[in-house]
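Visitor: Sharing a structure with you now.
The values are calculated or read from the model by the stated rules, or taken from the named source; none is laboratory data. The shown structure was predicted, so the numbers you read here are calculated from the model rather than taken from an experiment. Cβ sites come from the backbone with ideal geometry, for glycine too, and all protein chains shown count toward neighbours. Each accessible area value is taken on the protein alone, full model and side chains, heavy atoms only, with ligands, DNA and RNA left out. Shrake-Rupley method; radii C 1.70, N 1.55, O 1.52, S 1.80 Å.
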Amino acid sequence: MAPSIPTEPASKRNGVNDHEVVPIGPSPGLSSNPPRYISEQTLQQMLKSIGYDEAREDAYRLKGVQLIDSVRQSISLPVKTFDTAATYYHRFRIRFPSAEYNYEDVALASLFVACKVEDTIKKSKDVLCAAHNIRQPHDQRTPDDKMFDGPSKFTVGLERHILETIGFDFQAQYPQKLLIKLLRKMFAKGEKGDTPEVKKFISDAYDMSIDLYKTFAPLKQPSFPLVMAILELTVLLTGMGGDHIPQFYSDRYPARKGCVLEVMLDLMDLYTQFPKSTKVGSRYDLNKLMDVKIDINKMLSGNRYHRHFAWCDKCAQDSSDALSVTPGSVISPATNSSLPGNITVKRNGKSSEGTLRFVFDHEDARFERETVAEYFDDVYEEIEEEVEERIPDEPRHSSRSAHHSHSSHRNHTDHGWSPYSRSRHGGHNSDRHKGRKSHGYY
């Protein structure tokens with residue numbers, strides 16, 4: 001038997017009359033929507049808000065990604081784990097200033113979280129031991145060494161903050177998978193697929209996909225623009241394979257040319273400024289790299305594209321007026337934050353009301369926010385009302401009363417000397433010195 005549907009209002013069923021005010025229930029909490037991609041303009045605003053020092057932070061970014069790559073090769077992890085770890089590392093670094101965390105701790109914690117996400121599970125001590133053996137090859141250790149107990153707890157503490165930073169959105173992109181497919185279409189077996197030039201082309205393209213994660217390009221663009229930028233840049237550097245590129249721009253793989261050129265320039269900035277910190281930049285002469293960069297800028301200006309996709313000049317002017325933390329006031333991160341006993345995890349606490357929930361569907365989050373807002377928003381209505389006020393009468397003071405009050409105040413004033421005592425004979429004109437002929441002035 002189906003349950004009967006009540007026809008009475010909820011207020012009457014609960015014993016509350018219509019004229020009584022029903023109390024508002026608890027807050028449903030706060031919902032957070034992790035962004036899938038971040039534009040260059042938003043990225044610069046986030047970096048400015050944490051006091052980004054370009055020279056120092058660029059060095060930390062390159063060293064952190066290089067450490068992730070070295071450790072994952074040491075413990076034989078696939079390249080997809082490297083992609084995920086580098087993405088988490090960048091997302092954490094653009095949210096928290098470098099004074100709060102050591103970049104090595106964040107890099108190793110990001111790799112530890114990526115191992116769980118990509119189902120290539122490694123213990124935190126395995127990651128820390130591999131990093132220690134890379135930094136100090138003369139002092140080789142095993143993961144069960146007691147010296148990793150303290151850093152292991154610190155890594156587990158950072159894991160929670162990394163999960164909150166990414167919004168529990170474990171989606172990651174792997175451009176190497178699509179890159180291999182397109183390379184097979186470009187150089188099929190039997191069509192010059194085994195020549196040294198083709199092998200060099202494939203090697204440069206694949207290593208460029210690793211260098212790509214030393215920039216912020218994976219945070220700004222999806223996989224296909226990243227892969228097309230790698231292929232076109234490899235064609236410009238090697239001078240071969242340019243005939244196959246136009247066939248990839250089709251309805252199956254949609255991509256905007258402006259996005260591809262932005263990624264290409266990000267890579268060229270990396271190769272021209274930090275050639276020794278990359279795999280491909282050290283293989284070519286700096287003059288060659290500068291010529292290629294000039295050609296890409298000509299293509300950008302010829303098609304009237306902006307340097308960064310979806311750039312707003314008006315928003316850039318408004319954000320430049322905002323105050324930010326002075327980079328010089330930021331303290332350098334501690335170099336011994338991973339030592340045993342120092343496991344305190346810092347965090348920028350934000351006061352929030354209710355429970356923080358992470359929602360992945362932006363449409364559902366927007367609908368929920370609009371539905372709940374009408375019950376929790378304070379709406380005020382301005383009402384003008386004319387009220388007659390009576391003007392009070394001014395008090396009248398006579399001159400006689402004012403003189404009396406002034407004289408009484410003067411007679412009772414004490415300047416530190418006690419007043420003369422009155423004579424016992426009475427009268428105001430009596431003087432205690434009267435009758436003494438030997439005193440006084442004549």
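Visitor: Hey, any idea what % of the range 160-217's accessible area is carbon plus sulfur with a 1.4 Å probe?
Guide: Heavy-atom surface of the range 160-217 belonging to carbon and sulfur, 1.4 Å probe: 57 percent.
Visitor: Here's a follow-up. Sort Arg160, Arg256, Arg307 from largest to smallest accessible area, using a 1.4 Å probe on the heavy atoms of the protein chains.
Guide: Order by accessible area, largest first: Arg256, Arg160, Arg307.
Visitor: Tell me whether the range 79-168 comes out rounded, prolate or oblate; compute the Cα gyration tensor, take square roots of the eigenvalues as a ≥ b ≥ c, and use a/c under 1.5 as the rounded threshold.
Guide: Because a/c hits 1.5 or more and a/b exceeds b/c, the range 79-168 counts as prolate.
Visitor: Right, here's the next one. State, to one decimal in nm, how far the label point of Lys199 lies from the label point of Lys181, with both points 7 Å from Cα in the Cβ direction.
Guide: About 2.8 nm, to one decimal.
Visitor: For Lys185, give me every one of the aspartates and glutamates with a C-alpha distance below 20 angstrom, ignoring sequence neighbours fewer than eight places off in its own chain.
Guide: Asp194, Glu197, Asp204, Asp207, Glu232, Asp243, Asp251
Visitor: What FRET efficiency comes out for Arg256 versus Glu382 if R0 is 45 angstrom and r is the Cβ-Cβ distance? Round to the nearest 0.05.
Guide: Calculated value: 0.40.
Visitor: What full-extension length gain, to one decimal in nm, is calculated for Lys288 and Arg95 as 0.36 nm per residue of separation minus the Cα-Cα distance?
Guide: 65.9 nm
Visitor: Still on this structure, please answer the following. Taking only protein heavy atoms and a 1.4 Å probe, what accessible area per residue, in Å², does the range 66-182 have with all protein chains in place?
Guide: 40 Å²
Visitor: Rank Lys257, Lys146 by accessible area, highest first, at a 1.4 Å probe radius?
Guide: Lys146, Lys257
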